[in-house]
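Asker: Starting off with a structure, shown below.
The values are calculated or read from the model by the stated rules, or taken from the named source; none is laboratory data. None of these values were measured; they are calculated from a predicted model. Note that we place each Cβ from the backbone using ideal geometry, even for glycine, and neighbour counts take in every protein chain shown. With ligands, DNA and RNA removed, areas are computed over all heavy atoms of the protein, side chains included. Shrake-Rupley method; radii C 1.70, N 1.55, O 1.52, S 1.80 Å.
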Amino acid sequence: MSRSENLVQGAEEQNIKIGEILVKHTSLTQEQLDEALEIQSESDVLIGEILLKKNYIHPHDITKAICLQMGIPYSEEFKVEEIDGEIIRDLPINYCKQHEVLPIVESSDEVTVVMTDPFKHEVLADLRTLFDKNITPIVSSTLKINEAINRVFEKANKNLIDNIEDEFEENLDLDGPIDILDAAADEAPVIRFVNSIIFRAVKERASDIHIEPYEKESIYRFRINRVMTEILRQPIKTHMAVTSRVKVMGKLDIAEKRIPQDGRIKIKIAGKDIDIRLSTVPVQNGERIVMRVLEKSNNILKLESLGFEGQVLKRLDELSQLKHGVVYVSGPTGHGKTTTLFAMLERINTPDRMIITVEDPVEYELGGISQIQVNPKIDLTFARALRSILRQNPDVIMVGETRDYETAEMAINASLTGHFVLSTIHTNDASSCPTRLIDMGVQPFLIASSLAAVLAQRLIRTLCKVCKKPHEATDFELSLLGIEEIPDEATIFAAGGCPRCQGTGYGGLTSVSELLVINDDIKNHILRQADSSTIKRAAIKNGMSTLRHNALEKVFAGKTSIDEMVRAINDEEFSG
């Protein structure tokens, strides 16, 4: 039963005429009420439900009216900044969001809570047991309560991290060198501090954690939505203890500080499996640490939700159905190449196809697909794994990355023997892929015979839907875009800044792409070993939309800003 129905029934139990209350306290007119009463006389539907279906009122109108009649306080506004984060110390955020309830004031014998439904007696009983005090409810809207929950728990988490940082510093000898063994004797603050950094990174959806030692302090930075953000500074004396803890978590040699090391950390946060790829590099003032945070998930995103649309989406669908050939996805590290490959695999993952992947690491686990994790320590490389799985005669092969001649040659030969191969490659754009393969040593006639398409992509930030604001492009911005005027049907938006997007003005990521389909014209250029610029001009002539053009379309559609487009797309990509 819905919250509105609960409230309406509670009102009827006290013989309240809900319609009259709504006319008096909301924008509902008497004519609208009479119409609803007439409908109710011919059915058993509650009057409130009829009014809601006709959009004469909103759910919070019913809530407000009944609260006024029953003497339950109702408030559209309450001062979130005055809520003490300690009040929710024993209350999980999931419980608050599920039941739409939040404690806001605690006294010696009473706790005031704001909630959407004061008739949820089991919730009131839970809170009464938790606090061992009387519970006084105040009613407010769902939107206001959810916003307050996010802000209060964020503040509480920040206070917790600040306290851990203080404890961390107090328990280390900042006036002299730190002995690893001495630090281990009192490691609890270090462990809690490192855990808090990882927890904060996951909570803020950071893709990377960077810990950088300098002469006097250690700087902690997150990469969020492809942009580096400084989040913390600590005295340099704390760096060795943090480094040791992180290396222990990654099963690295803590005594070896002279050479780079790579490792892996597997943890759980709120029931979610988190896989962290760890890299340490010795620099002047210690070891620089980078942790790439991967939230392991079985939920494979659709191509549409990744930002692909129009002709590119249609052609990717067609390419996914190929029986043989190679399709490469190119782009920088961390720009969603593997996610795109799995979105394509998800489209063709049917019982009549045998699919095997070779990855480093296995980021997504997909039922019906055999996935191999490479392991350089035992010489299980991409090329060696690929050579072995060809003996198992798969229909589709996905190679996590083509980084050398041996892997490229194996993938191309596999396609020539009737396999459909998907892989990633590091090039700046789609037209550079054939020349990159030639540089690796692959013969041009093999590339021309096997290569079906190359998809180049970048991730750019999307504007926050709450605070984005209309923007009139300046002459300078138009010159950057390479156009003289904005199309009539387009509306340009700029980033704003609000609590929901943490003041950045951006709320997510989407892909911009260019798809190079290998036709006879492009094959001839490959056979002649033409440079990437020549191939690109031929592809544009044949209808390819470049990264720049796709980004411009997203600007015109109001999905991203001019500033973000200029930041994310390189100068050479603008020339296309």
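Asker: Just to confirm the filter: which trypsin sites (Lys or Arg not before Pro) across region 273-348 are DSSP coil and have at most 15 other Cβ within 10 angstrom of their Cβ? Walk me through the intermediate numbers first.
Answerer: Numbers: sites: 277, 288, 292, 296, 302, 314, 315, 323, 337, 347; in loops: 296, 302, 323.
Within region 273-348, the qualifying trypsin sites (Lys or Arg not before Pro) (loop, at most 15 other Cβ atoms within 10 Å) are 296, 302, 323.
Asker: Please list the non-local residues whose amide H lies under 5 Å from the amide H of residue 139, H modeled 1.01 Å from N, same-chain partners needing a gap of 5 or more.
Answerer: It is 74, 75, 115, by chain and number.
Asker: Now for a different question. How long are the three semi-axes of the equivalent ellipsoid of region 347-472, in whole Å, if each is the root of 5 times an eigenvalue of the C-alpha gyration tensor, listed from largest down? Could you put the intermediate results ahead of the total?
Answerer: Values: eigenvalues 178, 86, 46 Å².
In descending order the semi-axes read 30, 21, 15 Å.
Asker: To the nearest 500 deg cm²/dmol, what mean residue ellipticity at 222 nm is calculated for the chain from DSSP H runs of n ≥ 4 alone, each contributing -39,500 (n - 2.57), summed and divided by the residues?
Answerer: Details: 23 runs with 235 residues, N = 576.
My calculation for the chain gives -12000 deg cm²/dmol from helical runs alone.
Asker: Contact order normalised by length for the chain, with contacts defined as Cα pairs under 8 Å and 6 or more residues apart; what percent is it? Working shown, then result.
Answerer: Details: 951 pairs, mean separation 46.6, N = 576.
8 percent.
Asker: Please say if region 461-538 is rounded, prolate or oblate, where rounded means a/c under 1.5 for a ≥ b ≥ c the square roots of the C-alpha gyration tensor eigenvalues, and otherwise the choice is prolate for a/b larger than b/c and oblate otherwise? Show your work: numbers first, answer last.
Answerer: Values: a/c = 3.65, a/b = 2.11, b/c = 1.73.
The shape class here is prolate.
Asker: What distance in nm lies between label points placed 7 Å from Cα along the C-beta direction at residue 84 and residue 256?
Answerer: 5.1 nm
Asker: Also, I was wondering about something else. Going by average Cβ density within 10 Å per residue, which order do the peptides 484-490, 373-379, 429-435 take, highest to lowest? Write out the running numbers ahead of the final one.
Answerer: On the way: 484-490: 9.4, 373-379: 11.0, 429-435: 25.9.
Answer by packing, highest mean first, reads 429-435, 373-379, 484-490.
Asker: For the chain, give the percent of accessible area contributed by carbon and sulfur heavy atoms, probe 1.4 Å, rounded to a whole number.
Answerer: C and S atoms contribute 48 percent here.
Asker: Between residue 395 and residue 129, what FRET efficiency comes out of the Förster formula 1/(1 + (r/R0)^6) with R0 = 51 Å and r the beta carbon distance, rounded to 0.05? Don't skip to the answer; put the middle values down first.
Answerer: Numbers: r = 58 Å, r/R0 = 1.13.
Plugging the Cβ-Cβ distance into 1/(1 + (r/R0)^6) gives 0.30.
Asker: Something else: Would you list which lysines come within 23 Å of residue 523, measuring only between C-alpha atoms, while excluding same-chain residues fewer than 8 positions from it?
Answerer: Once the sequence-local lysines are set aside, what remains near residue 523 is 314, 323, 536, 541.
Asker: Something else now. Among the lysines, select those whose C-alpha is under 16 Å from the C-alpha of residue 144, and discard any that sit fewer than 8 residues away in the same chain.
Answerer: In chain and number order, the partners are 64, 79, 97.
Asker: 7 Å from Cα along Cα→Cβ at both residue 150 and residue 527: what's the point-to-point distance in nm?
Answerer: Between residue 150 and residue 527, the simple spin-label model gives 5.7 nm.
Asker: Okay, moving on. In nm, to one decimal, how far is the residue 379 label point from the residue 216 one, both placed 7 Å along Cα→Cβ?
Answerer: With each label placed 7 Å out from Cα toward Cβ, I get 5.3 nm.
Asker: Given a Förster radius of 22 Å and the C-beta distance between residue 314 and residue 541 as r, what FRET efficiency does 1/(1 + (r/R0)^6) yield to the nearest 0.05?
Answerer: On the way: r = 20 Å, r/R0 = 0.91.
Calculated transfer efficiency: 0.65.
Asker: Taking the chain as the reference, fit the longest principal axis to its C-alpha atoms, fit the long axis of helix 310-320 to the helix C-alpha atoms, and give the angle between the two in degrees, 0 to 90, nearest 10.
Answerer: 60 degrees
Asker: List, in order, the whole-Hz ³J(HN,Hα) value for each residue of region 88-100 obtained from phi through the Karplus relation with A = 6.51, B = -1.76, C = 1.60 and θ = phi - 60°; use x for Gly and Pro.
Answerer: Values per residue, Gly and Pro as x: 9, 4, 9, 10, x, 5, 5, 5, 4, 6, 5, 9, 6 Hz.
Asker: In percent, how large is the relative contact order of region 466-553, given Cα pairs closer than 8 Å and 6 or more residues apart? Intermediate values should be presented prior to the final figure.
Answerer: On the way: 69 pairs, mean separation 22.4, N = 88.
This gives 26 percent for region 466-553.
Asker: With a cut-off of at most 13 other beta carbons within 10 Å, and DSSP calling the residue loop, which GluC sites (Glu not before Pro) in region 223-297 qualify? Please list them.
Answerer: 256
Asker: Mind checking the log10 I(q)/I(0) for region 421-515 at q = 0.19, 0.23, 0.24 Å⁻¹? Debye, one equal scatterer per Cα, no solvent, two decimals.
Answerer: Once normalised to I(0) and log-transformed, intensities are -0.95, -1.15, -1.20.
Asker: Based on C-alpha coordinates, I'd like the Rg and Dmax of region 521-567, in Å.
Answerer: Here Rg and the maximum Cα pair distance are 14.4, 42 Å.
Asker: Can you spot the lysines whose alpha carbon is less than 22 Å from residue 251's alpha carbon? Ignore those fewer than 8 places along the same chain.
Answerer: Correct list for residue 251: 266, 268, 272, 296, 377.
Asker: Placing +1 on the Cβ of each Lys and Arg and -1 on the Cβ of each Asp and Glu in region 288-392, which of 383, 362, 373 has its Cα farthest towards the positive end of the resulting dipole?
Answerer: Comparing the listed Cα positions along the dipole, 383 ranks first.
Asker: With a 1.4 Å probe and all protein chains left in place, how much accessible area per residue does the chain have, in Å²? Provide the component values of the computation, followed by the final result.
Answerer: Numbers: 28450 Å² over 576 residues.
Spelled out: the 1.4 Å probe surface of the chain, per residue, equals 49 Å².
Asker: Between residue 443 and residue 43, take the C-beta separation as r, use R0 = 60 Å, and let me know the FRET efficiency to the nearest 0.05.
Answerer: Values: r = 77 Å, r/R0 = 1.28.
With R0 = 60 Å, the Cβ-Cβ based efficiency is 0.20.
Asker: Classify region 232-283 as rounded, prolate or oblate from the Cα gyration tensor: take a ≥ b ≥ c as the square roots of its eigenvalues, call it rounded if a/c is under 1.5, otherwise prolate when a/b beats b/c and oblate if not. Working shown, then result.
Answerer: Numbers: a/c = 2.41, a/b = 1.40, b/c = 1.71.
It is oblate, given that a/c is not under 1.5 and a/b is not larger than b/c.
Asker: Same structure again: Give me the mean projected area, in nm² to one decimal, of the convex hull enclosing the Cα positions of the chain. The partial results should precede the final answer.
Answerer: On the way: hull surface 140.7 nm².
The orientation-averaged projected area of the Cα hull of the chain comes to 35.2 nm².
Asker: Computed on alpha carbon atoms, what radius of gyration and Dmax characterise region 337-411, expressed in Å?
Answerer: Rg, Dmax (Cα atoms, Å): 11.9, 35.
Asker: Cut-off 18 Å, label point 7 angstrom out along Cα-to-Cβ of residue 483: give me the residues of region 504-520 whose amide nitrogen falls inside.
Answerer: So the set is 512-514.
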